[in-house]
Amino acid sequence: MNPSLLTREALAQFAQESRAAFEAELKTLVEIPSISADPARQGDVRRVAEAARALFERHGGKAEILETSGNPLIHGWFGEDPSCPTITVYNHMDVQPANEPEWTAEPFTFVVDGDTYRGRGSTDDKGPAVTAFFGALAARRAGVPLNIHFLWETEEEIGSPSFAGGLNRHKDRFKTDAIVVSDTVWITRGKPSTPAGLRGLKGFRLTLETADHDLHSGVVGGAARNPLSELIKVVAEMMDGETGKVKIPGFYDEVVKPSKQELEEWANAGFSVETFKKDHMITGMRTEDPIKVMKRVWGRPTMEVHGVVGGYTGPGIKSAVPPRAEVKMSCRLVPDMDEHTTIDRIRAFVNERFPDVQFHEEHGLAPFKGHVTGPYAEAIKDAYRFAFNAPCSFTREGGSIGAVKTMEDILGCEVFFLGLSLPSHGYHAPNENYDWEQAGGGIAAFAHYFQTVSGIKA
């Protein structure tokens, strides 16, 4: 190993010299509309897998496309020395739809605007994936004695429905000492943060049908049942719309409050309510106390209404009683909560109180509780400090990454996070972007991380 190639100065030079290649590779991936939720884009999902394989082969690595019952996995790697440790980096190559009218440019046209990169997938999650890849190239150039593997999936945005089956099928290829995920968001620029937990997700729908066609409200109104108003009542009995508090008996029984140490870490993470509102374009908050906001987003479960379907939604008013209605809902679950226990409680509540309402269970993602101590956790903190010249805080992530708990369970190793995205990058939003400051620093962070973990003895 040549440590002189792994100094901050040498890695900054490597990043700058690699910038044109970095941008070219990111352009190739961003301009493939790999929308996993859209059946019409399945060919593009396959195309992004082929492009990912070619990326590895172009830069001296090896890669293969692994089939699943759904969309494929991409396995790329540098190094196959059984005497060296192995680290696996996880990212995803599928993206959200991009049909929002607020886009200022074509979402699948890669735009370089100074140090900013624009396009769907630029930060979620193709930009961080290419960053980790170039970090691996820097480590390989320096001769770091480490097998660096990459696991890129193409179904993360739809809950990774085929991931567990595919990983089980191919798990012999992924024997690894630890996994690092680069698909998370800092609290603010200049203050690295990494989650020590992810919320899980459980979706469900409520439907009610009381007739087979629209009814004249003047003829039957007052006598006929109205499924829209009844479902509104159901939701009101399940949760307080003003405070967000869930009224289902036992809903909070397994919730463990954040420790004093966790709260201290959160307080040092650089969270600002004003920045939070600006980054997410929020005009109304349930509370503006920063600690309460962090607790609600990271440390508390939620129940949310996502959509109400039913009745007339055109201009003016159609004075009819609708025959059917639907409410789409989900819960975010914190570590120590069980998705099956939670959904059973909700179903039992609905069935007992409102037997006519049909309950439909949807997909779920398990919550995840990570590790904040040990050599791999310290390596993450050290990598951030080295590359960004700032201490790292362990926080939590309000969102969900279904693959994380799956990898921990199937591969039997610890999972950590080395994310690079910022709230201002617009995860899932129009005008999604990434930037060179995070990419250049991220290349150095990953290279330093690989150097550090190469010395960890199993």
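When the chain is described by a simple charge dipole with +1 on each Lys and Arg Cβ and -1 on each Asp and Glu Cβ, the residue from 4, 142, 82 located farthest towards its positive end is 4. FRET efficiency for the residue 352 to residue 100 pair, using the beta carbon distance and R₀ = 51 Å, is estimated at 0.80. For region 382-453, averaging the sequence separation of C-alpha pairs within contact (under 8 Å, six or more residues apart) and dividing by the residue count gives a relative contact order of 46 percent.
Express in whole angstrom the spacing between the alpha-carbon centres of region 154-198 and region 369-400. Value for the Cα centre distance between the two parts: 15 Å.
Amide H contacts of residue 421: 184, 186, each under 5 Å away and 5 or more positions distant or on a separate chain (H built 1.01 Å from N in the peptide plane; Pro and chain starts excluded).
The phi-based Karplus calculation (6.51 cos²θ - 1.76 cosθ + 1.60; θ = phi - 60°) puts the 3J(HN,Hα) values of region 127-134 at x, x, 5, 5, 4, 4, 4, 6 Hz, whole numbers, x for Gly and Pro.
Take the Cβ atoms of residue 224 and residue 260, set R0 to 60 Å, and the FRET efficiency comes out at 0.60.
Pairs of Cα atoms nearer than 8 Å and 6+ residues apart set the relative contact order; for the chain it is 26 percent. Its Cα centre serving as origin, the chain has a Cβ charge dipole (Lys and Arg +1, Asp and Glu -1) of approximately 580 debye.
Between residue 305 and residue 281, full extension at 0.36 nm per residue minus the direct alpha carbon distance yields a gain of 6.7 nm. If you average the sequence gap of Cα pairs under 8 Å that are 6 or more apart and divide by the length of region 281-383, what percent do you get for the contact order? The value is 21 percent. Among 58, 53, sorting on how many other beta-carbon atoms sit within 10 Å of each Cβ, with the fewest leading, yields 58, 53.
Candidates 213, 104, 315 compared by Cα position along the dipole of the chain: farthest toward the positive end lies 104, with charges placed on Cβ. Full extension of the segment from residue 390 to residue 312, taken as 0.36 nm per residue of separation minus the current Cα-Cα distance, would add 22.7 nm. So I have (1) 55, 51, 49; (2) 101, 54, 40; (3) 84, 48, 43, and one of them is Cα extents along the principal axes in Å calculated from this model. Which one is it? This structure yields the entry labelled (3). The slack in the chain from residue 336 to residue 47, taken as 0.36 nm per residue of separation less the alpha-carbon distance, amounts to 100.2 nm. Positive end of the dipole of the chain (Cβ unit charges, origin at the Cα centre): among 152, 301, 92, the Cα lying farthest that way belongs to 301.
Computed from the coordinates by the stated procedures, all read-outs in this text should not be read as laboratory data. None of the values given here were measured: they were computed from a predicted structure. Cβ sites come from the backbone with ideal geometry, for glycine too, and all protein chains shown count toward neighbours.
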